[in-house]
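FYI, it's all coordinate maths here, none of it is from the lab. Quick caveat: nothing in here was measured; it's all calculated off a predicted structure. Cβ: placed from backbone, ideal geometry, glycine included. Neighbour counts: every protein chain shown.
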Number of protein chains: 2
Amino acid sequence: MTLQTIADLTGVSVSTVSRVLNKVDNAASPETAHRIEAAAERLGYVPNAQAAALRTGASKVVGLIVADIANPFFATIATTLEQSLLERGYGLLVANTGNNTDLERRYVTTMAQNRVETLVVAPTSNDPRHLDEARRLGIRILLIDSRVDGVEVDCVLVDDETSIRKAVDHLTSLGHRQIGYISGHQRILSDLDRLRGYTRGLAAAGIEGDSELVIRSDFTELGGFRAAARLMALAEPPTAIVASNNFMATGVLRYARANGICIPEALSLVSFDDLDWYDLVTPRITALTQPIEAIGKLVSDLVSNTDDTAPGVPYVLPTSLTLRDSTAPPRHPTSSDKEA
Amino acid sequence: MTLQTIADLTGVSVSTVSRVLNKVDNAASPETAHRIEAAAERLGYVPNAQAAALRTGASKVVGLIVADIANPFFATIATTLEQSLLERGYGLLVANTGNNTDLERRYVTTMAQNRVETLVVAPTSNDPRHLDEARRLGIRILLIDSRVDGVEVDCVLVDDETSIRKAVDHLTSLGHRQIGYISGHQRILSDLDRLRGYTRGLAAAGIEGDSELVIRSDFTELGGFRAAARLMALAEPPTAIVASNNFMATGVLRYARANGICIPEALSLVSFDDLDWYDLVTPRITALTQPIEAIGKLVSDLVSNTDDTAPGVPYVLPTSLTLRDSTAPPRHPTSSDKEA
DNA sequence: TTGTATGCGTTATCAC
DNA sequence: GTGATAACGCATACAA
């Protein structure tokens with residue numbers, strides 16, 4: 001089932017068939033064009049994309065590497081991207097790293113082997129090497145969720161530091177002074193930016209940072225659960241916790257539930273990154289909401305526009321603090337922290 | 001950056017380079033092999049998968065077509081599959097149909113053009129044509145979530161009818177007699193099987209079916225919301241609702257919240273397909289839990305085993321009814337339905 | 001309007 | 001042990 005088959009059947013040459021099927025202008029006389037199309041249709045001819053890719057140098061495939069496609073944040077981007085890709089006849093190759101840098105490297109290789117035209121990646125570290133290697137092959141890289149030092153490509157981000165700042169400001173203005181913070185593995189710039197937002201937020205409120213209140217976790221629900229456990233076991237446990245992603249915040253919620261800790265009475269909670277069901281639980285969870293549709297749209301547009309002029313621009317989008325019910329003033333306003 | 005480049009650089013032929021890099025036995029003398037490998041490493045050579053695919057006829061890519069990759073059910077399958085694929089150096093091409101049959105057709109075509117070796121698809125209809133077309137190209141089809149009439153391939157399913165039966169039996173044994181049912185678009189066999197489970201469940205309890213209590217919806221949260229609205233607006237509204245998927249059940253929950261309907265006091269709810277957070281809301285939602293890890297594992301294994309001997313086997317896995325708090329006896333046990 | 005020829009990067013078969 | 005050589009299916013520059 002190749003062009004040759006059709007050519008033989010219609011008594012023309014492969015080139016003519018190719019031109020007709022590719023809708024080249026004046027590819028053939030109306031009659032022959034018709035004959036060819038009819039034959040292709042009847043035989044159920046499906047062009048071989050690999051062969052075309054080899055010939056043209058355009059694979060018509062885009063790659064997407066994220067931590068976890070099950071995270072609604074990434075799933076939305078994937079879906080949006082893929083829809084816009086379909087219109088152009090592109091395929092989407094996806095890979096989950098689970099925040100594993102080694103896996104990321106291997107997947108970048110797979111993507112490179114498949115000669116994806118553009119590779120959208122949510123990096124798991126600040127290491128530029130494997131990305132640079134892919135770029136050297138002519139693969140266009142598009143970063144999401146975090147920048148990578150030294151990789152000068154377009155990237156779509158949110159203002160991580162400012163976002164967390166908003167959360168911390170909110171808590172301090174509520175009267176909290178013992179604020180716990182759960183970060184991911186701080187290999188990633190965005191996670192460090194978020195952490196900086198926390199530190200500066202405390203400083204702005206005249207609160208001295210306490211390293212015990214900052215837990216380095218791993219972006220997973222279980223990690224959040226454990227971090228909450230460590231935090232609440234402290235001599236002076238926090239009256240509020242900020243988690244640097246949704247899964248870890250969920251872990252905190254689960255820990256609170258399991259241990260009879262009332263939110264927000266005994267513990268306030270803010271999540272970076274919202275979740276659909278955060279307004280269905282009791283209490284509804286306050287979260288930093290990312291403009292996820294806008295991000296998906298932007299990514300799609302950037303992927304479609306092969307406008308390789310600019311040297312790489314960071315698109316920084318704002319988040320909004322969606323106030324719900326998981327934050328409240330601390331039980332013992334500001335001074336009597338010692339009694340814990 | 002091709003085999004030729006390396007060949008030139010090391011002063012051997014492309015064939016030798018190819019053999020060495022493919023780790024063919026006795027490909028070359030130890031020294032030359034070493035030279036070649038070193039050169040490849042130094043140049044950052046990445047093989048062109050398209051070219052290899054064209055030559056060998058094996059694309060090393062698997063396709064996955066599902067309704068919505070954001071659905072944890074599908075996301076888990078995707079993740080599991082992809083991990084097992086990575087080990088074999090395969091890529092995963094994904095597509096979301098949003099339950100749109102037309103999109104499904106187009107995506108099957110895209111997958112076919114890319115000559116995926118295996119195509120895993122959660123069908124959106126009972127139409128076998130596009131699938132047969134792909135099979136004719138030598139693409140192996142693997143069905144998940146639902147069978148398709150006339151497509152005799154391996155498929156991984158759960159026992160839909162029995163599952164819903166369990167839910168309905170549970171409700172009738174609680175004393176419910178007005179049980180609403182929200183189905184998806186009944187184009188899909190699995191959805192029809194579930195509906196049959198409902199019908200037979202009622203019959204087994206000696207309850208006469210009421211067509212008004214069955215709403216044909218669309219598998220979305222909004223659809224579930226609207227279906228709940230229609231159901232509760234009935235002259236004799238149901239005292240319990242069974243939704244044939246998780247999103248629609250969530251829609252029902254949302255409707256109940258928005259309208260002050262207490263679950264389970266005023267309305268019992270059971271969802272087909274569980275969700276991580278169903279045990280975090282109040283009330284915790286009773287659901288039919290699919291053996292999702294087992295399904296993912298099975299799919300991965302089937303995809304890996306290119307054992308094309310059997311003519312196509314349905315693997316039917318059992319679900320379990322996870323009893324939580326969203327079901328309770330109806331307020332007015334069995335008789336006083338009329339007062340609504 | 002149509003056909004011929006060439007090459008994309010690989011792999012595989014055969015010689016040497 | 002190594003190297004020509006052909007072929008995979010397609011697109012295109014060029015010739016007719």
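Numbers for the structure displayed
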read-out: Order by protection proxy (mean Cβ within 10 Å, highest first), peptides B:48-57, B:208-217; value: B:48-57, B:208-217
read-out: Calculated FRET efficiency for the pair A:Ala205/B:Asn305, C-beta based, R₀ 45 Å, to 0.05; value: 0.15
read-out: Peptides ranked, highest mean first, by Cβ atoms within 10 Å: ranges B:156-164, B:247-255; value: B:247-255, B:156-164
read-out: FRET efficiency, 1/(1 + (r/R0)^6) with R0 60 Å, evaluated for B:Asp132 and A:Arg216 via beta carbons; value: 0.65
read-out: Distance in nm between pseudo-label sites at B:His185 and A:Asp279 (7 Å out along the Cβ direction from Cα); value: 2.7 nm
read-out: Pair B:Asp159, A:Met1: separation of 7 Å Cα→Cβ label points (nm); value: 3.8 nm
read-out: Total charge dipole magnitude, region A:99-150, about the Cα centre, Cβ charges on Lys, Arg, Asp, Glu only, Debye to nearest 20; value: 200 debye
read-out: Shortest-first distances to equivalent copies, position A:Leu234, nm, label 7 Å out along Cβ; value: 5.4
read-out: Local electrostatic count, B:Pro314, Cβ distance below 11 Å [Lys/Arg +1, Asp/Glu -1]; value: -2
read-out: Globularity ratio of region A:78-190, using Cα Rg and 2.2 N^0.38 Å; value: 1.30
read-out: Relative contact order %, chain B, counting alpha carbon pairs below 8 Å whose residues are six or more apart; value: 15 percent
read-out: Under-5 Å amide H pairs with B:Glu265, H placed in peptide plane, nonlocal only; value: none
read-out: Cα gyration tensor of region B:125-191 - equivalent ellipsoid semi-axes, whole Å, descending; value: 34, 12, 6
read-out: Cβ-derived FRET efficiency at R0 60 Å, B:Asn26 paired with B:Ala258, nearest 0.05; value: 0.25
read-out: Residues with amide H under 5 Å from that of B:Ile144, placed H, sequence gap 5 or more; value: B:Val121, B:Ala122, B:Val156
read-out: Simple spin-label estimate for B:Glu265 and A:Arg42 in nanometres, 7 Å along Cα-Cβ; value: 7.2 nm
read-out: Inter-copy separations for A:Asp210, label at 7 Å along Cα-Cβ, nm, ascending; value: 5.9
read-out: Convex hull volume per residue in cubic angstrom - Cα atoms of the protein assembly as shown; value: 187 Å³
read-out: Given charges at beta-carbon only (K, R positive; D, E negative), |dipole| of region B:17-141 in Debye; value: 360 debye
read-out: Integer Hz, Karplus 6.51/-1.76/1.60 couplings in order for region B:236-247, x for Gly and Pro; value: 10, x, x, 9, 8, 10, 10, 10, 7, 7, 5, 4
read-out: Lysine pairs in chain A with Cα atoms under 29 Å, if 8 or more residues apart or on separate chains; value: 4
read-out: Cβ-based charge dipole, the protein assembly as shown, positive-most Cα from A:Leu267, B:Ile179, A:Ala294; value: A:Ala294
read-out: Computed magnitude of the charge dipole of region A:184-321 (debye, nearest 20; Cβ of K, R +1, Cβ of D, E -1); value: 380 debye
read-out: For q = 0.12, 0.13, 0.15, 0.17 Å⁻¹, Debye-computed log10 I/I(0) when each Cα of region A:240-321 counts as one equal scatterer; value: -0.47, -0.53, -0.63, -0.72
read-out: Karplus (6.51, -1.76, 1.60) ³J(HN,Hα), θ = phi - 60°, over region A:63-79, in Hz, Gly and Pro reported as x; value: x, 9, 10, 10, 5, 7, 5, 7, 6, x, 4, 6, 4, 5, 4, 4, 5
read-out: Average partner coverage of A:268-278, which counts Cβ from other chains inside 10 Å; value: 2
read-out: Teacher prompt: A:Leu43 distances to equivalent labels in other copies, 7 Å Cα→Cβ, nm; value: 3.7
read-out: Counting DSSP beta bridges with both ends in chain A, the antiparallel % (nearest 5); value: 10 percent
